[in-house]
1. Using +1 at the Cβ of each Lys and Arg and -1 at the Cβ of each Asp and Glu in region 127-190, identify which of Ser181, Ile139, Phe149 lies farthest towards the dipole's positive end.
2. Could you work out what % of the accessible surface of the chain is carbon and sulfur, using a 1.4 angstrom probe and leaving DNA, RNA and ligands out of the count?
3. Could you work out the local net charge near Val167, counting Lys and Arg as +1, Asp and Glu as -1, over the other residues with Cβ closer than 15 Å to its Cβ?
4. From Cα pairs below 8 angstrom and at least 6 apart in sequence, can you work out the relative contact order of region 6-86, rounded to a whole percent?
5. Leaving out ligands and nucleic acids, note down the accessible area per residue over the chain with a 1.4 angstrom probe, in whole Å².
6. Run the helix sum for the chain: -39,500 (n - 2.57) per DSSP H stretch of 4+ residues, divided by residue count, reported at 222 nm to the nearest 500 deg cm²/dmol.
7. Select from Ala228, Asn164, Gly52 the residue farthest towards the positive end of the dipole of the chain; place +1 on Cβ of Lys and Arg, -1 on Cβ of Asp and Glu, and compute about the Cα centre.
8. If each Cα of region 146-245 is one equal point scatterer, what is log10 of I(q)/I(0) from the Debye formula at q = 0.11, 0.13, 0.20, 0.24 Å⁻¹?
Amino acid sequence: MSDIFAYDESRASTYEKFTSLLGKVAEADETAALLEQLSRGGGALELGIGNGRVAVPLSERGVRVEGIDNSESMLKLLAKRTDVIKAWKGDISDFSSEQRYDLVYCVYGTFTLLSTREEQIACLRSAAEALTEKGVVVIEVRVPPLDGFVGGQKTTTMYVDHENTFVNAVLHDPVNQNLTSTILWFSGTSVRRLPQRVRYVYHQELDTMAECVGLELAERWGDWARGAFTNESKGHISVYRRTSL
Ligand SMILES: C[S@@+](CC[C@H](N)C(=O)[O-])C[C@H]1O[C@@H](n2cnc3c(N)ncnc32)[C@H](O)[C@@H]1O
């Protein structure tokens, strides 16, 4: 059975435009700047590297970047952009690496694409095992957007310009902490469907999961410019180091 949430050929072919319209391509350099600082001159591993939106500018800053993704189509996009970044097909909830990294990072909510608690903990465990002694794990996730649901459903307009409209229809499953959404992308006379499922986590649950695998919170930011994480923040960047004994 095909996985409707996978980053298949069709989704990969529109990823650059989609992320560009949402401002994520413009944001990538600022993301890379903070990740470069956190790598402290060492090597980095990106979990769910995709088309290299962040990995490419990070590598251009002189950081040796490697990556894992489970989508052949996304890995092909990356390979078209660069031959400097080594990336391989794998599952970020179950990987091991001989190599040790000073920075293991997972951005743009990719961590929450792991749709169970067990997969998320396993991902953090694999990430912790891949660290050098002084290395850090960086996770960027959204604050769960649970406002405005009626009867477990919510529909919002995510983006509009003169050519494109993104309408997001979301179902909330509180028992499993899942948000299952379909983004309908209207463009000219066409409409595309982009299905997605996330298992949302609050920052304190993320900290507890990290603690379970021998990590502790070192820093938390509300944005890539090191803005404070506050009640108004829409997401956070959490930096974990190995627990000091
Ligand atoms: C939202 S995109 C983010 C891509 C890139 N990190 C970025 O910031 O633009 C999520 C990526 O994670 C990959 N992915 C999703 N689940 C995965 C898993 N279990 N193992 C490996 N890669 C996964 C997808 O194929 C996709 O490339």
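1. Looking along the dipole axis, the top candidate is Phe149.
2. Numbers: 6200 of 12540 Å².
Roughly 49 percent of what the probe reaches on the chain is carbon or sulfur.
3. Details: positive: Lys154, Arg192, Arg193; negative: Asp161, Glu163.
So the surrounding residues net to +1.
4. On the way: 98 pairs, mean separation 27.3, N = 81.
Answer for region 6-86 is 34 percent.
5. Numbers: 12540 Å² over 245 residues.
Averaged over the residues of the chain, the accessible area is 51 Å².
6. Calculated at 222 nm, the ellipticity per residue is -8500 deg cm²/dmol.
7. Of the listed residues, the answer is Asn164.
8. Values returned for q = 0.11, 0.13, 0.20, 0.24 Å⁻¹ are -0.51, -0.67, -1.08, -1.18.
The values are calculated or read from the model by the stated rules, or taken from the named source; none is laboratory data. Predicted model, so just to flag it, every value in this text is computed and none were measured. Note that each Cβ is placed from the backbone with ideal geometry, even for glycine, and that neighbours are counted across all protein chains shown. Note: areas computed on protein heavy atoms with side chains; ligands, DNA, RNA excluded. Shrake-Rupley method; radii C 1.70, N 1.55, O 1.52, S 1.80 Å.
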